[in-house]
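Enquirer: Quick one: this structure, given as structure tokens, is what I'll be asking you about.
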Amino acid sequence: MKLVFAGTPEVAVPALDALISSGRHEVAAVVTRPDAPAGRGRRLVASPVAERAEEAGIEVLKPARPRDEDFLARLREIAPDCCPVVAYGALLPKTALDIPARGWVNLHFSLLPAWRGAAPVQHAVMAGDEVTGASTFLIEEGLDSGPVYGVLTEEVRPTDTSGDLLTRLAFAGAGLLAATMDGIEDGTLHAVPQPEEGVTLAPKITVEDAQVQWSAPALRVDRVVRGCTPAPGAWTLFRGERLKLIQAVPVLDRADLAPGELAASKNNVYVGTGSHAVELLWVQPQGKKPMRAADWARGVRIAPGELIGV
């Protein structure tokens, strides 16, 4: 088939690579978000998908909005058979959805209908799911509600951050998307409607969502920290400034600290929660680089009984 691939971040690159190297389909063009400011200088930088496409000599389309007539006209000229999508980042209007003969097929990082929305992996980690996965489905105008072509499952490991899990799903899902294109092309694969039961939503995680509540049980604190790593980053307040929490682990045999109460020794930093304590392993003070929590604690000289999150 002639394909136009739509995607933006690094997580979409393995799928693009899989389609380029499959040898079965032609990736005629790539659709991605416009260049965005990045780094200290805030200079405009192309998306990872755009950079990979340019390396491969593939035409790159960067519409400000997918409903822009210039973009739609170019898409009609290319006349793709199908448009595979991975984390494109913009809502596709019906005028765009109607152009490819076999539609737009999205690789979504959950077992649909669970975790429909922008942040399925983060929500799976924060909810304590033991198993998640990826699905390919035909995009309709609803939110991730289209019929499903294929799925794969992936264990959520006890120490997984959302970044760890998303990386594994990106590479496994690349193979699923390529196989889905093959099955659509040869007629062996047919989309099946999603069940009406079991729908859960996964909206974007905000900075406010990532604030740790120390009155919550230690397992909840652990899940929030892992689910918000690397982005947007779990955080708390310490002496009026934000402290980013990069790694924290529950300590099941310590329950002598009140919620938010700090206790530091030479090599360990503990915080009380609504159940037992958690040990802070890595933190990032405001305006500084990540550091071991014990090094941070020595520098700030934590007072006995001092509270965090206040």
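Enquirer: Using R₀ = 25 Å, calculate the FRET efficiency as 1/(1 + (r/R₀)^6) where r is the Cβ-Cβ separation of Ala38 and Arg67; round to 0.05.
Expert: So the FRET efficiency works out to roughly 0.45.
Enquirer: Another question, then. Please report, in Å, the Rg and the Dmax of the stretch 93-220, where both are computed over Cα atoms only.
Expert: Every Cα atom of the stretch 93-220 included, Rg and Dmax give 16.0, 55 Å.
Enquirer: What is the antiparallel percent of DSSP beta bridges lying wholly in the chain, to the nearest 5?
Expert: Within the chain, antiparallel bridges account for around 70 percent of the total.
Enquirer: Select from Pro195, Gly142, Leu166 the residue farthest towards the positive end of the dipole of the stretch 109-200; place +1 on Cβ of Lys and Arg, -1 on Cβ of Asp and Glu, and compute about the Cα centre.
Expert: Of the listed residues, the answer is Leu166.
Enquirer: Between Lys204 and Arg74, what is 0.36 nm times their sequence separation minus the Cα-Cα distance? Round to one decimal in nm.
Expert: The Lys204-Arg74 span can extend by a further 43.7 nm.
Enquirer: Over the Cα atoms of the stretch 177-241, what Rg and Dmax result, in angstrom?
Expert: 19.9, 62
Enquirer: Could the peptides 298-305, 205-212 be put in order, highest first, of the mean number of other beta-carbon atoms found within 10 Å of their residues?
Expert: Result, highest mean first: 205-212, 298-305.
Enquirer: Next question, about the same structure. Using modelled amide H (1.01 Å from N, peptide plane; none on Pro or chain starts), what sits under 5 Å from the amide H of Ser145, excluding residues fewer than 5 places away?
Expert: Glu140
Enquirer: Quick one: check the C-alpha center-to-center distance for the stretch 40-107 versus the stretch 211-240, whole angstrom.
Expert: 35
Enquirer: Run the reach check for Lys288 against aspartates and glutamates, Cα to Cα strictly under 16 Å, same-chain hits fewer than 8 apart removed. What comes back?
Expert: Reachable aspartates and glutamates: Glu241.
Enquirer: Counting only protein heavy atoms and using a 1.4 Å probe, what share of the accessible area of the stretch 48-163 belongs to carbon plus sulfur, as a whole percent?
Expert: Ligands and nucleic acids excluded, carbon and sulfur give 49 percent.
Enquirer: Related question: Greater than 23 Å separation of Cα atoms is the criterion. Which listed pairs, Lys62/Lys289; Lys62/Lys94; Lys2/Lys62; Lys204/Lys289, meet it?
Expert: Long pairs (Cα-Cα over 23 Å): Lys62/Lys289; Lys204/Lys289.
Enquirer: Now, a different point. For Trp115, Trp282, Trp214, give me the order by solvent-accessible area with a 1.4 Å probe, most accessible first, ignoring ligands, DNA and RNA.
Expert: Most to least solvent-accessible, the answer reads Trp282, Trp115, Trp214.
Enquirer: Over the alpha-carbon set of the stretch 1-104, divide Rg by the Kirkwood Rh and report the Rg/Rh ratio to two decimals. Each step should come with its number before you reach the end.
Expert: Working: Rg = 13.2 Å, Rh = 13.8 Å.
That ratio is 0.96, to two decimals.
Enquirer: What helices does the chain have that are whole DSSP H segments, at least 18 Å long along their own axis by Cα, and with mean Kyte-Doolittle hydropathy of 0.5 or more?
Expert: 162-186
Enquirer: With a probe of 1.4 Å, find how much accessible area the chain has per residue, and write the answer as a whole number in Å².
Expert: 48
Enquirer: Given q = 0.08, 0.12, 0.15 Å⁻¹, what are the Debye log10 I(q)/I(0) values for the stretch 152-310, with equal point scatterers placed on the Cα positions and solvent ignored?
Expert: For the stretch 152-310, the Cα-only Debye profile gives -0.33, -0.61, -0.82.
Enquirer: Now, a different point. If I stretch the segment between Ala255 and Thr159 completely, what's the gain in nm (0.36 nm per residue apart, minus their alpha carbon distance), one decimal?
Expert: This chain segment gains 32.4 nm when fully extended.
Enquirer: Picking from Asp144, Asp17, Asp186, which is most flexible by a Gaussian network model of the chain using Cα springs under 10 Å?
Expert: Asp186
Enquirer: Okay, next question. Treat each spin label as a single point 7 Å out from the Cα along the C-beta direction, and report the Glu197 to Asp182 distance in nm.
Expert: So the two model labels end up 3.5 nm from each other.
Enquirer: Right, another one. Please compute, for the alpha-carbon atoms of the stretch 51-114, the extent along each of the three principal axes and give them in descending order in Å.
Expert: Cα spread of the stretch 51-114 along its principal axes, largest to smallest: 35, 29, 23 Å.
The values are calculated or read from the model by the stated rules, or taken from the named source; none is laboratory data. Remember, predicted model here, so these are calculated numbers, not experimental data. All Cβ positions, glycine included, derive from the backbone under ideal geometry; neighbour counts span all protein chains shown. Just the protein is used for accessible areas: all its heavy atoms, side chains included, with ligands, DNA and RNA removed. Shrake-Rupley method; radii C 1.70, N 1.55, O 1.52, S 1.80 Å.
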